[in-house]
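Beneath this line is the structure, given in structure tokens, with notes to follow.
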Amino acid sequence: MNIPFPSGCTTGTFTALLTSAGTGNWVVPVCFNTASNTVQVIAGGGGGANGGNSPSVFHAGGGGGYSVSTNLNLSGTIAYNVGTGGTGGASNTTGTASAGVDGQASWFNGTSLAASSVGANPGGGGGTSAGTGGSTTGATGTTKLAGGAGGNSGADSGAGGGGAGGPNGAGATGGAGASTSFPNGAGGGGGNGGGTTPTAPTTTTGKTGGNNSAASGGGAGGASSGAPNGTAGTVGGGGGGGFGGTTNAGGGGNGGPGTDMNAGIGGGGGGGGASVNNGSCTAAVGGTGGLYGGGGGVGGQCVSNHNTSKGGDGNQGVIDIIYIR
């Protein structure tokens, strides 16, 4: 039986966005409707590895998973956690590979993911293997969709981060780096939920990032030494990969912020990978994953002086509460 609303409750659709990373408490409004509500969560994305190649090449970060539940019977004060994004592998001047950090889970109505009414797993940081996309295993909620895994780097070409899951499907895997030796462009980031995975680059031009489920949003790859950096994705598309020339090797474009959920927010695209310069330079960084939950791309390196750039950070998660009365 539905409990009547108190006098003074107006009708309409109401939204509460929880965007500050970390734990907190949400006080259920007096006029909340237990018979008509939706809670969506996205977990944090994993950080991409830096551009080091010793002892081996490391890989890109995975996108955060997505979960949703409807018509939760809520009252009082609700505990939640908005997952942080994982930081990218640290820069150095020795060519040493450094892994990205895992993102954190997001959950609502519980003191842990397992105890929550709706919660999603985070993307893994890129290391000796690509960061995993946020898994549906152990996630909670009515519908659970995975984040995209990070891409695998080539010997001289960084990979793109995975896209976050969302209401339109699982996040796309980040684009792989080139399989052949220097010089080559870098891989693009994966699109958000229901989006696409870029193919690996085969020339010095960085790869365009993956699109969202509506076939748009991927950022262009870096195309020349005069414009070496990949461009940022939009509307949940992946960032473009960096140009791979002998001078001015490019950084990865940031993943696009998603718009596939309520209130113009959604799962983020993965950050693009950075490329390798065979000379001495200042290395370009991997692209940051998009809001919310995009995985970070792999950083670049200048081989002659071993300057090794930071991997792209994964982006934080979000909780979206909608109720109608």
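The values are calculated or read from the model by the stated rules, or taken from the named source; none is laboratory data. Remember, predicted model here, so these are calculated numbers, not experimental data. Cβ placement follows ideal geometry from the backbone for every residue including glycine, while neighbour counts extend to all protein chains displayed. Surface areas here come from the heavy atoms of the whole protein model, side chains and all, with no ligands, DNA or RNA. Shrake-Rupley method; radii C 1.70, N 1.55, O 1.52, S 1.80 Å.
Over the chain, what relative contact order in percent results from Cα pairs under 8 Å that are six or more residues apart?
In percent, rounded to a whole number, it is 21.
Taking S56, S98, S153 as the candidate residues, the one with maximal mean-square fluctuation in a Gaussian network model of the chain, Cα springs under 10 Å, is S56. Under the simplified labelling scheme, the S20-S56 pair shows an inter-label distance of 4.3 nm, with each label point 7 Å from Cα along Cα→Cβ. Listed options for P(r) over Cα pairs in 10 Å bins from 0, in percent are (i) 5, 24, 35, 27, 8, 0; (ii) 9, 32, 28, 16, 9, 4, 1, 0; (iii) 5, 25, 33, 22, 10, 4, 1, 0. The value calculated from this structure is the one marked (ii). The portion of the accessible surface of region 53-137 made up by carbon and sulfur, rounded to a whole percent, is 49 (1.4 Å probe; DNA, RNA and ligands excluded).
Based on the mean of other beta carbon atoms within 10 Å per residue, what is the order of 227-236, 135-144, most packed first?
The packing order, highest mean first, is 227-236, 135-144.
Accessible surface calculations at 1.4 Å, restricted to protein heavy atoms, place region 279-325 at 27 Å² per residue. Considering only A115, A146, A176, the Gaussian network model of the chain with Cα springs below 10 Å gives its largest mean-square fluctuation to A115.
Take region 42-114 with all the other protein chains still there, run a 1.4 Å probe, and you get 33 Å² of accessible area per residue. The S181 and T282 beta-carbon pair, evaluated with R₀ = 25 Å, returns a calculated FRET efficiency of approximately 0.65. Looking only at region 167-184, which residues have a backbone nitrogen under 20 Å from a spot 7 Å from the Cα of S225 in the C-beta direction? Only 181-184 pass the distance filter. Classification of region 30-119 by its C-alpha gyration tensor yields a prolate form. The axis ratio a/c (a ≥ b ≥ c) is 1.5 or more, and a/b outweighs b/c. Evaluated with a Cβ-only charge set (Lys, Arg +1; Asp, Glu -1), the chain carries a dipole of roughly 120 debye about its Cα centre, given to the nearest 20. Note on region 233-293: with neighbouring protein chains present and a 1.4 Å probe, carbon and sulfur make up 53 percent of its accessible heavy-atom surface.
If you bin all the Cα-Cα distances of region 21-178 at 10 Å, starting from zero, the percentages per bin are 14, 37, 26, 15, 6, 2. So what's the gap between the Cα centers of region 295-323 and region 87-137, to the nearest angstrom? Rounded to whole Å, the Cα centres lie 12 Å apart.
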